[in-house]
Amino acid sequence: MARHFLTGAELSSEELAALIDRALEMKRAPLAARPLEGRAVALVFQKPSTRTRVSFEAGVFELGGHPLVLRTDEMQLSRGESPRDTALVLSRHVAAIGVRTGPDEMLAELAAHASVPVVNMLTAGHHPCQALADLLTLREAFGRLEGLRLAYVGDGNNVARSLAILGALAGVQVVVSSPPGYRLEPVAGAELVEDPAEAVAGANAVYTDVWVSMGDEATADERRSALAPYRIDDALLDRAAPGAIALHCLPAHPGEEISAEVLYGDRQRIWDEAENRRHAQKALLELLVSAS
């Protein structure tokens with residue numbers, strides 16, 4: 001039976017720790033493991049992508065496989081073919097299926113009928129591959145995960161939710177700070193506060209995401225106004241623990257959710273974080289394919 005990765009909660013704490021260890025090994029020797037030799041991985045994109053597409057495509061290649069990139073406007077999905085039928089067909093040809101889409105229900109239906117692993121490359125509700133890269137970056141920066149405090153400031157969205165779920169599994173204390181109307185629901189024991197200064201107090205890492213995501217354009221001005229106090233800048237980082245780092249899942253808008261000084265300065269690990277998508281996802285694919 002195939003193992004899927006839809007929210008991150010499918011992993012145990014022990015598996016997550018081993019996965020991060022394996023990602024570090026793969027980063028040191030990116031061409032040493034070839035579990036996908038002679039096999040293909042379908043990468044289905046219903047939403048635009050830079051980091052997800054590049055990191056998965058390069059990662060599958062480094063694992064010895066062929067990344068089969070599929071845009072849904074080029075598939076029969078765009079003409080009414082069901083996710084069920086798509087899953088049944090793709091499963092006959094590929095070793096795994098990655099999906100970047102909007103509705104979590106579409107991903108769940110694919111996973112319910114696929115006989116190969118299905119990986120969530122992004123949905124409206126979850127972004128677990130990003131959270132894996134974030135944990136890998138924290139591990140590199142601090143040499144551990146257990147006991148770290150990570151403060152997420154801004155919109156309580158899919159990224160915040162995945163950080164809460166996987167952070168809890170890793171022993172990271174996650175606190176999410178958002179204004180009214182943008183709060184994350186209680187999830188995985190994450191601490192929820194309104195004041196960003198309270199959230200970052202004692203934090204080892206301060207994290208943010210864009211204020212206007214894909215599909216939010218109609219309320220852009222309203223969102224920018226509500227989220228303005230949640231910008232990561234030097235003043236906010238100064239309230240965190242000594243040596244705290246800034247993180248951002250990208251794309252970034254300097255001057256909005258993060259200052260240019262922090263984004264391009266020496267208090268961040270954002271560009272390491274972007275690279276770590278590839279290494280974390282390679283370790284995940286190896287785990288899922290070997291278990292199926």
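The values are calculated or read from the model by the stated rules, or taken from the named source; none is laboratory data. Keep in mind that this is a model prediction, so the values were computed, not measured. Cβ sites come from the backbone with ideal geometry, for glycine too, and all protein chains shown count toward neighbours. For the accessible areas, the whole protein counts, side chains as well, though only heavy atoms, and no ligand, DNA or RNA atoms are used. Shrake-Rupley method; radii C 1.70, N 1.55, O 1.52, S 1.80 Å.
Of interest is the spacing of the C-alpha centroids, which for the stretch 175-223 and the stretch 120-143 amounts to 16 Å. In this Cβ point-charge picture (+1 for Lys and Arg, -1 for Asp and Glu), the stretch 126-243 has a dipole of about 340 debye about its Cα centre. Helix 270-291 axis versus longest C-alpha principal axis of the chain: approximately 40°, rounded to the nearest ten. With axes computed from alpha carbons, what is the tilt in degrees of helix 104-113 against the longest principal axis of the chain, rounded to the nearest 10 within 0 to 90? Approximately 30 degrees, to the nearest 10.
On the beta carbon distance between Ser225 and Ala32, with R0 = 35 Å, the FRET formula returns roughly 0.10. In the context of the full set of protein chains, the stretch 18-130 has a per residue accessible area of 45 Å² (1.4 Å probe). Our summary gives the chain a relative contact order of 21 percent, counting only alpha carbon pairs under 8 angstrom and 6 or more residues apart. Could you work out how far the C-alpha centroid of the stretch 228-268 sits from that of the stretch 27-76, in angstrom? About 31 Å separates the Cα centre of the stretch 228-268 from the one of the stretch 27-76.
If you take the square roots of the eigenvalues of the alpha-carbon gyration tensor of the stretch 166-292 and sort them as a ≥ b ≥ c, do you get rounded (a/c under 1.5), prolate (a/b over b/c) or oblate? Cα axes put the stretch 166-292 in the rounded bin. For the chain, the longest principal axis of the alpha carbon atoms and the long axis of helix 128-142 meet at an angle near 50°.
Shape of the stretch 1-108 from the C-alpha gyration tensor: prolate (a/c of 1.5 or more and a/b above b/c, with a ≥ b ≥ c the square roots of its eigenvalues).
All Cα-Cα separations within the chain were binned at 5 Å from zero, giving a P(r) of 1, 6, 13, 17, 19, 16, 13, 9, 5, 2, 0, each value a whole percent of the pairs. Rg/Rh, computed from the Cα trace of the stretch 64-199 with Rh as the Kirkwood radius, has the value 1.06. Of the residues Gly243, Tyr182, Ala58, the one whose Cα sits farthest towards the positive end of the charge dipole of the chain is Ala58 (charges of +1 on Lys and Arg Cβ, -1 on Asp and Glu Cβ, taken about the Cα centre).
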